[in-house]
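Heads up, the thing below is written out as structure tokens.
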Amino acid sequence: MAEYQMTLMDRQRIARDTMAFWFETNGARYEFRAGQHADFVFGTESDNTRTFSLANSPLDKEPIMIAMRMRKTTFKSALKAAALGTTFIVSRPRGSFTLHRDITRPAVFLAGGIGISPIRSILQSATQERLSHKMYLFYSNREADDAAFIEELQGMAAQNPNFTLVPTITSHKALAWPYEKGHINREMLTRHLFLLNGPIYYIAGPSGMVTAMTDLLNSLGVSQDDVRTEEFGDYKLQQRSTQGDPTTGDSRSD
């Protein structure tokens, strides 16, 4: 397996308990498709390996960006404390959670929390390339402060006439939130989508959210062949292509 040495160049808080990290490729060509992921190795121990979605567009070339909820794990604590300039070993990219090619079929993204990472990559790349796909993002968080990249996504929606942003929060505390409230459900989808059958659906988020959204689409009669999923947490990553071929990847803790 090809491996690349990358250098930690920056990190920033991008939402509550959420950080982004940027890595220089040190002159190497690191080519990937929007929505793919890779293994990041910190140090020499095998238990210091984690798999993260690549959150930037492939057209950006570098730096490479990943984002994560900052739970109190050994790996994430070490990553947060690592000195800028620290070297990481990064695997070649992999994964089939990528935008379909048929521009006549809309792409509907259902994202929960940090599941926005691979979807950000896809949306940014599609906007940069001026692709003709109609794209809808239903982006669910508990509260507004949890929504990573929200301002950037708002700007993207203003720039790209083919992209519709539908943020929602599930907490009952919010008063001034100008978008949707509550969990993504049939009524919410119906308000924003012309047809429920016809799009390709992309679901990314915690395993419970992915299961709930998969069950919802199944209840609406959406074919499993039209659903791709990617779970985030301490789990085995499972993806489904538009042909319905599942691919099992590595443990994730994004």
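Of note:
- Rounded to the nearest 10 degrees, the angle from helix 150-159 to the longest Cα principal axis of the chain is 60 degrees.
- D (Stokes-Einstein, µm²/s), Kirkwood Cα radius, region 1-65, 0.890 mPa s at 25 °C: 192
- The length gained on full extension between Q154 and E31, counted as 0.36 nm times the residue separation minus their Cα-Cα distance, comes to 41.6 nm.
- Straight-distance crosslink candidates among lysines, where the alpha carbon sits under 20 Å from K80 and sequence neighbours closer than 8 are dropped: K72
- A simple spin-label model places pseudo-atoms 7 Å from Cα toward Cβ; at D10 and F194 they are separated by 3.9 nm.
- Extended-chain gain in nm, criterion 0.36 nm per residue less alpha-carbon gap, V41 and K61: 5.1 nm
- With Cα atoms, 0 to 90° folded angle of helix 207-219 axis to the chain main axis: 30
- When the helices of the chain are scored as -39500 (n - 2.57) per DSSP H run of n ≥ 4 and the total is divided over every residue, the value at 222 nm lands at -6000 deg cm²/dmol.
- Taking every protein chain into account, the accessible area of the chain amounts to 47 square angstrom per residue (probe 1.4 Å).
- Accessible surface for M213 stands near 20 Å², nearest 10, in the context of the full protein assembly shown (1.4 Å probe).
- Surface composition of region 36-168: carbon and sulfur make up 49 percent of the accessible area, probe 1.4 Å.
- Two-site label geometry, H100 and S77: point separation in nm, points 7 Å out along Cα→Cβ: 4.5
- Using equal-weight Cα scatterers in the Debye expression, the normalised intensity of region 1-111 in log10 at q = 0.12 Å⁻¹ is -0.44.
The values are calculated or read from the model by the stated rules, or taken from the named source; none is laboratory data. Because the structure is a prediction, the values reported are computed rather than measured. A quick note on method: Cβ atoms are made from the backbone with ideal geometry, for glycine too, and the neighbour counts reach across all protein chains shown. Calculation scope for accessible area: heavy atoms of the full protein, side chains included, ligands and nucleic acids excluded. Shrake-Rupley method; radii C 1.70, N 1.55, O 1.52, S 1.80 Å.
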